[in-house]
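A short write-up of the structure that comes next.
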Amino acid sequence: MSLQPFKSIAIGAAFSPNLKANLYEAARLSLFFGSKLFLIHVGEASDDKIKTLKVFLNPFKKDNLDFEVVFKPGDPVEAILSVTDEKNIDLLILGAVQRERFIKYYVGSIARKITRKAKCSVLLLIKPSVERVACQHIVVNGLQDPKTEQTIKAAFYLGKQLEADKITIVEEIKQEQVAIKVDDDKSLRRANIMKERIKLRENSRIKEIIEHIPEKYTKDIAIKSQPIFGKQGYSIGHYAQISRADLLVMNAPSKMTFWDRLFPHDIEHILTELPTDVLILQ
Amino acid sequence: MSPKKNNIKDFFKVLPKNIFSGFVVSLIALPLGLGLAMASDAPPIAGIIAAIVGGIVVSIFGGSHVTIAGPGNGLVGVLLVAITSLGLESAYAAIVCSGVLIMLLGFFRMGKLADFFPSSAIQGMLAAIGLIILGKQFHIMLAHKIKREDTLDYLIEIPFTLNDAIHYENKGLIFAALAGIISLAIMMFYAKLRNKYLQLIPAPMWIVILSIGFSYYFELVLHENNPISNQYMISGIPSIQEIIADIQMPLFSKVGTISFWSSVVAITLIASIESLLSIKAVDKLDPEKRRSNVNKDLKALGLATVGSGFLGGLNVVTVIARSSVNVNNGATNRSSNFAHATFLVLFIVLFSTQLTRIPLPALMAILVYTGYKLASPNVIRKIFSIGKEQLIIFFVTLFVTLKIGLISGIFAGVLATMLIHIIINKSVLLFLRNVLKPNVLMYEEADDEHNFYVSVKHFCSFLNYYKLKDKLDAIPEDHDVIVDFSLCSFVDHTVMENMHNYQELFKKRGGHFDVIGLDMHDTDSEHPFALRRLLPVPNIIKNNLTRRQTSMEELAKDYDLKYNSENQKEVGYLSSFLFFNTKEIDHIYNQLSYKNDSLNIFDIEFSEGEFIAKEVIRSTMLHIKLEKGIPEFTLDREGFLERVYAFAGFKDIPIQDHSDFSRRFYLLGDNEEAIKAFFNDDLIHFFESNPYYHVESNGNSLLIFGKERLASVKEIKGLFDFGKRLKDVISNI
C-alpha cells in the first residue's frame, strides 16, 4: 500500500458563505498529507476571483501550501468530475448542507451526483470550520470486501496524520448471515451461539488486517472492533453518530445502479443523513 | 448452557398438575363455550366443539406453553355478523377459510401483525367488542329478548329493559331474570371473596352447578316444573351421538361473494389479533419464563380453526381469561390444554342432558360480565391518564366499530392515530421521510459488560415499532439492555407501553431494561403528553393520610420504626418469591421498616391474571432480610385443599418425628434434603406454637403474610412480632 494515499486534493470553490471554512479545512488537510491543493471553480476565469481565493489562503503561505486554481465552465457535476480526471486528483472535498431547523446534515443534489460518479476518494464535510477542530475518533468499516483492507490501512494512516486517539472498526454483519429466525427460547439460544461464532470469525479477520499494518501507525492509537448485526451501510452511520465519531471512513460502493438509489442501501443511507464527516475511499 | 434435561421423565412428573389445572379450566370453558356460541347465534355446542378441537390440535402442534385455546370473546361480534348475513353453513365455510388464512399468517411469519396497530385503537376495538357482547346479552339476562338492527340500539334500550324487568308479572320471566341477576352477582363478587374452597370452582361453574341444582330441587324435592320460563332455557344441546350424526358440512356456495370474504377477513383479523395479544399477555404469566413461538402457534390455531369449522365449531383462538386460570392452577405445559379438551369431551358425553337445565339468563350473565370487563370505566380512566389524544383515538375506534364494523373501526383508529401524531409534531415530513428507513441500531457493547445498546433514530411509533421489536426480541431476557431514544424526535404511546412491558419482562427474568434519552423530550413543550406520563414517575406525595395510615404512623413511633406512606415501584427483590411467579407486583406502600431495613412491613398491590382476567389484590406482607442463606421453601397451613393438590403432584415434605407439624403444616420445596435439615426442633416448635402464616423463603430472605387482604393495625403488630421472633430463631440455627 502506498503510505501517502493523497498526492493531490481538490475542492470545489463556489463563492458561498461557507467558502472560507471549506478552504481552510482543505488547506489544512493538504498540509497534513503534504499534497497539492486544487481549487476547482465552475465558471470563467477572472483575476478578481483568483485574488479573493489567494487572500483566503494567505495564512497558509508560510507553511508552503502548494495550490492551483482551475477554472472550468459548464455543468457543475460534469465540470468537477472532468477536472478530477484531468488533474489526477486523489481526494475530492465536498461540503454538506444542513437541513433547516434540524441538526441533520445531508448531501445536496450536486454533491450527491458527484459522489456517486467520482472515481477518486471523496470527503464530505458537515461542519467546515475556520479553526481546527481536532479529530479524535475515527470509525472505519470492516466489511468483508476486497477493498476493506486498503480502507482500514488508509484509516490508520489518517489516524496517524490527524493525531486521532481512537479508531473503531465496525464490522457490519448482515442479518441474513444468522440463518436462524428467533421464535422461542431454543431458536434464540441457537441464534446467539451462531452470532457469537460469526463475531469471533469477524474479529479475527480484522485482527489479521491490523497485524499487516506497520506498527508505527498502530501503536499510539486505541483500537476497538465492534461487530454489529444490522443493515449494511446504515448501522455504521448510526454507530458513528452515537459514538460521536469525528470521521467515518468507508469503502466506495462497488456498483451503483438505478435500483440502488430506489432502494437505498450502503452508501446511500449515509448520503441522505450524514452522521459526521465522511471519507469514501476508492 | 443448561444441561440437557430428561424431558419425558419431567413431563410425567408434572402431568398430574397439568391435568388438574386442565380440569379447572374445563369448568370455565364449558359455560363460556356455550354462552359465546349462543351470543354469536350459533348452536351452543359449536363453542364446545371449538374448545375441544382447539385444545387437542393446539396442544399438539402449538408453540406456546401455558395457553388455552377455544372460542374467543372478541370474535362474538364478527361471527354474529357472519352468521346473520351468510347463514350458518356458509359461516362455517368462512370459518374454515379464515383458518387457512391464519395458518398462512403463521407460515409467512406474520406473528408481528398485532404490532402494527396503535394500542389505544386496539383498546377501543376491544371495548367495542365488550359493548357488543354486553349490549346484546344484557336483555336476555333480564329475560327480555329483543331483536334490533344496529348494535347501538341494543345499548340504548338497556334502561327500557331494566324498567320492564321491574314490572314483570309473569312468574317464569321473574325467575329467569332473577337467575340472570344472581349469576351476574356471582361473577362480580367472586373475585372479592378470597376463600380457598370457594375459589376451587371457578365462578362460571358455580353458576352452572347452582342452576342445575335449582332445577333438580324443583323436580325431585318439590315435584314441580322448573319455574323459569321454558323459552329462557338452553335448548338444543345434542347428545354425543347426535353431534356425530349431524355434523353440518360447511357450504362453500357463497365463496364468490364480497360479503363472504369481508367476513373471512374480519374473522381472521380479530382472531389473530386476539390470539397474539393473549399469547403476549400469557407469556408474562408463565412461571417458567419461556418465550412462545407465536408463528408456530398461529399455524396450530389456523389448523384447529379449519378442523373446528368442518366439525361445526367456531373459530379457535388463544383466550386470556382461561389461560390465566390455567397458570394460576399450576399448569406448566401444553398437556393442560389437552386435558381441558378431554374433560370437555367427558362432560358432553356424560352430562349433555343436564346442561339443558341451565337457564339462558344465567349463562348470559357470564357474558355480560366479560363484556363489561372489556369496556369497563377503568379502561377509559387508564387511557385518559395517559393522554387526552389517546382518548380521542379510543373513542373514534369505539364508535366506528359500533356503528359500521370491526374492520372499519380498527382502520379508523389507525388513521386517527396517524393524524394526531402529525398534528402533535406539526410535520408530515418527519413520518413520510423516515418511515421506510432502518432506524434502529443494536449492538452488544464490545467491552467487559456485554450490555446490549439499542439506539433509535427519527421517530418511533406503531408504524415502525416492529423494527425495534425485531431487535429487542433477539436479546435474551436475562441480559442488560439500554434503549436510547435521544436521537428520536417522537416516541408514541404504543412504543412507550411496549417498552414498559419489556421492562417488566426483563425484570422478571433477571435482566435489566433501561430506557434513556427521553429527558430532553420533557423540556420540549411540543411533545406529547403520553410521553411524560408513561415514564415511571413517583406519585405526588399525598398529605392527607387515612385513619389506618395515621395509626400506622403512631405505631411506627411506638415501636421505633420508620414509616413511609408513599408508593414505591422498586420492588424487584420481591419478584424472586415463588408466590409472585404468576403475579404482577404493582407497587408497595405504607412501609414500616425496622433496624436498617432488615424487617419491612408493607401494603402491597399486585395483580393476578392479565388483560380482562386481571384481578387487583391488596395485601399486607412482611419481608425479612436474613444474614445467611437458607433453603428455599414455602410453608402454609395444611388443609383440605392441600390434600387435593397433593394428588395433583404438589409434594408435601414430611418432617420425621414431628407428625403433628407435618399434619398441620404444608411444606413445599425443591431441595428436600436441605429443607429437612433446616427444619430443626426449635424452628418446628416455633411454628407449632404460633399463629399460622404463609411463610416463604427465596434463599436469602423471607416473605410472611396472613391473609390476602390488607391487615388491621393489630394484625400488623402481630405480624411484626412473629417476624422478629422468627428471625431470632432462624439466626440461632
Item to check | Within straight-line cross-link reach of B:Lys9, lysines at Cα separation under 24 Å, skipping those fewer than 8 residues along the same chain | outcome: A:Lys186, B:Lys17, B:Lys289, B:Lys651
Checklist entry - What's the center-to-center distance, using Cα atoms, between region B:194-230 and region B:140-184 in Å? => result 21 Å
Next on the checklist: Run the numbers for B:Val435 and B:Asp721: contour at 0.36 nm per residue of separation, minus the present Cα-Cα distance, in nm.
Outcome noted: 96.9 nm
Checklist outcome for this item: For region B:34-112 the chymotrypsin sites (Phe, Trp or Tyr not before Pro) that pass both the DSSP coil test and the at-most-13 other-Cβ-within-10 Å test are B:Phe108
Next on the checklist: Considering only C-alpha atoms, what is the centroid distance from region B:468-507 to region B:87-118, in Å?
Outcome noted: 28 Å
Checklist entry - How far apart, in nm, are two points set 7 Å out from the Cα along the Cα-to-Cβ line at A:Asp66 and at B:Ile8? => result 8.3 nm
Checklist outcome for this item: Given backbone amide H placed at 1.01 Å from N, residues whose amide H is under 5 Å from that of B:Asn451, ignoring those fewer than 5 places away on the same chain, are B:Glu445
Next on the checklist: Helix-only mean residue ellipticity at 222 nm, chain B, DSSP H runs n ≥ 4 weighted -39,500 (n - 2.57), per residue, nearest 500. What is it?
Outcome noted: -17500 deg cm²/dmol
Item to check | Value of Rg to Rh for the protein assembly as shown (Rh from inverse mean 1/r over Cα pairs, i.e. Kirkwood) | outcome: 1.06
Item to check | Amide proton proximity set for B:Arg637, modelled H, under 5 Å, gap of 5+ | outcome: B:Tyr666
Checklist entry - Expressed in nm², what is the orientationally averaged projection area of the convex hull enclosing the Cα positions of chain B? => result 35.7 nm²
Next on the checklist: Nothing charged except the Cβ atoms of Lys and Arg (+1) and of Asp and Glu (-1): what's the magnitude of the dipole of region B:547-732 about its Cα centre? Round to the nearest 20 debye.
Outcome noted: 440 debye
Checklist entry - Let a ≥ b ≥ c be the square roots of the eigenvalues of the Cα gyration tensor of region B:558-630; is it rounded (a/c under 1.5), or, if not, prolate (a/b larger than b/c) or oblate? => result oblate
Next on the checklist: I need the shape label for region B:547-732. Rule: rounded when a/c is under 1.5, else prolate if a/b > b/c, else oblate, with a, b, c from the alpha carbon gyration tensor.
Outcome noted: oblate
Next on the checklist: With n ≥ 4 as the cut-off for DSSP H runs, can you work out [θ] at 222 nm for chain A, using -39500 (n - 2.57) per run divided by the number of residues, rounded to the nearest 500?
Outcome noted: -12000 deg cm²/dmol
Checklist entry - So what's the net charge close to A:Gln175: Lys and Arg +1, Asp and Glu -1, counting the other residues with Cβ under 12 Å from its Cβ? => result +3
Checklist outcome for this item: Per its Cα gyration tensor (rounded if a/c is under 1.5, else prolate when a/b beats b/c, else oblate), region A:1-133 is best filed as rounded
Checklist entry - Within chain A, what's the longest stretch lacking chymotrypsin sites (Phe, Trp or Tyr not before Pro) that sit in DSSP loops with no more than 14 other Cβ atoms inside 10 Å? => result A:103-282
Next on the checklist: Loop by DSSP (not H, G, I, E, B), at most 15 other beta-carbon atoms within 10 Å: where is the longest site-free stretch of chain A for GluC sites (Glu not before Pro)?
Outcome noted: A:164-282
Item to check | Average Cα contact separation per residue, chain B, under 8 Å, 6 or more apart, as relative contact order % | outcome: 18 percent
Checklist entry - Mind listing which trypsin sites (Lys or Arg not before Pro) in region B:403-436 are in a DSSP loop and have 12 or fewer other Cβ atoms within 10 Å? => result B:Lys426
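Just so you know, all these numbers are worked out from the coordinates, no wet-lab data involved. Just so it is clear, the model here is predicted, and its values are computed rather than measured. Don't worry about glycine lacking a Cβ; one is built from the backbone with ideal geometry, like all the others, and counts go over all protein chains shown.
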